[in-house]
1. Out of L365, I286, Q208, whose Cα points farthest toward the positive end of the dipole of the chain (charges: +1 Lys, Arg; -1 Asp, Glu; placed on Cβ)?
2. Could you tell me the center-to-center distance, by alpha carbons, between the stretch 203-259 and the stretch 15-64 in angstrom?
3. Can you give me the solvent accessible area of E157 with a 1.4 Å probe, rounded to the nearest 10 Å²?
4. If the convex hull of the alpha-carbon atoms of the stretch 95-242 is projected onto planes in all directions, what is the mean projected area in square nanometres?
5. Under a Cβ-only charge scheme (Lys and Arg +1, Asp and Glu -1), can you give me the dipole magnitude of the chain about the Cα centre, in debye to the nearest 20?
6. Filter the trypsin sites (Lys or Arg not before Pro) in the stretch 10-113 to those in DSSP coil with at most 16 other Cβ atoms within 10 Å of their Cβ, and list the result.
7. So for Y137, Y64, Y101, what's the accessible-area order with a 1.4 Å probe, most first?
8. Which Cα, out of H319, G62, S253, lies furthest along the positive dipole direction of the chain (beta carbon charges, K/R +1, D/E -1)?
Amino acid sequence: MSVSADAANPPEFDQCVVELKSTAKQQGISQAIIDSSVANLNYVPKVIELDRRQPEFTTTFGDYIGKRVTDWRVQQGRKLLREHKDLLDKLTKQYGIPGQYIVSFWGLETNFGSYKGKMPVLDSLATLACDPRRSDYFTGELMQALRLKQQYGFSDEKMVGSWAGAMGHTQFMPTNYLKYAVDGNGDGKADLWDSTEDALTSAANFLQQLGWNANERWGREVLLPENYDFSALGVKNTMPLTQWAQKQLTQVSGKPLATPDMDAALYVPAGHKGPAFLGYDNFKVIMRWNRSEFYAIAVGHLADRINGAAPMTVKPPKHQRLSRAKVKQLQQALNNKGFDVGKPDGVLGRNSIAGLQAFQRSQGLVADGFPDKDSFEALGVSY
């Protein structure tokens, strides 16, 4: 393998490898690959450390966007959009994905291929497969990685990626690699590490398969009317654009919303003082690639900027980063006051946001579901 173990593998890992050999054989992996790759798998303690490491503090929307939609990334994205124009035009025609979105995903996943990860994929997946937390999932991904190796003849040294096994320019997990990777340059193999053409074609194919609507954009920044009540917020409150227009939302220019026959949901990732966005069906498609609303907004906004659009009209305000312990206190305080948000876990998910909104409404605060200083103080929790 491409990493040598500093010490012998733990005995329980070696025992697990024996079971992985048996599983690989049952799943049709060749004896040659079992003998050369599975037999030489190494335990990587760093992988378990990274798997367990939850950030101590939550990331604010302003910090998230500021680190991802940078001037350099916008300029580099525009340069690559021009440089790969012929390929991207072909992909738009074939798959229905405009080039700026493909380039945006590429930029956010690996900084346009400049950092694809350096961890040995087979070792990382085996380490996670032999760990009880998500053993079944990662055992499945390891088998798919071995199948990938068998299909294309990739060396173990070539198969490097993230600590969780995502690979190449577009950071595909092995299952998605086998399902969606495309041989874009016609050399007989889909190589997401060394072929930009294969990687971008594969991204276009993946997005089409996830349900991308070729005739719609991702969404847009909008302006909210004064005293908007925030009763319709988030994906569970999706409604036609005609209804959003009736609620007096406008384009950032102040012009009325265009109202084609499309549905949208409202997102205010930095609270009522920050930017507001309507996300269309393609916003949900982006979230099938990555479940984060921040990520989906970043992909869409970066794509717009690469395509020549201006920065956000409303700048995300600077907010204090909240520790997960502090969010747990907020959740417990909501539960204590009868606003059930489930077991406090330090993650502000949909239930917590809905509970916080209900509490804010009961106190005459702006009910945007955002954990601001006023909400903490009203709950009797220090901010």
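The values are calculated or read from the model by the stated rules, or taken from the named source; none is laboratory data. Bear in mind that the values here come from a model prediction, so they are computed numbers and not experimental data. All Cβ positions, glycine included, derive from the backbone under ideal geometry; neighbour counts span all protein chains shown. Surface areas here come from the heavy atoms of the whole protein model, side chains and all, with no ligands, DNA or RNA. Shrake-Rupley method; radii C 1.70, N 1.55, O 1.52, S 1.80 Å.
1. Towards the positive end, the residue furthest out is L365.
2. 39 Å
3. Rounded to the nearest 10, that gives 110 Å².
4. 11.9 nm²
5. It comes to approximately 860 debye.
6. The qualifying sites are R53.
7. Result of the area sort, largest leading: Y137, Y64, Y101.
8. S253
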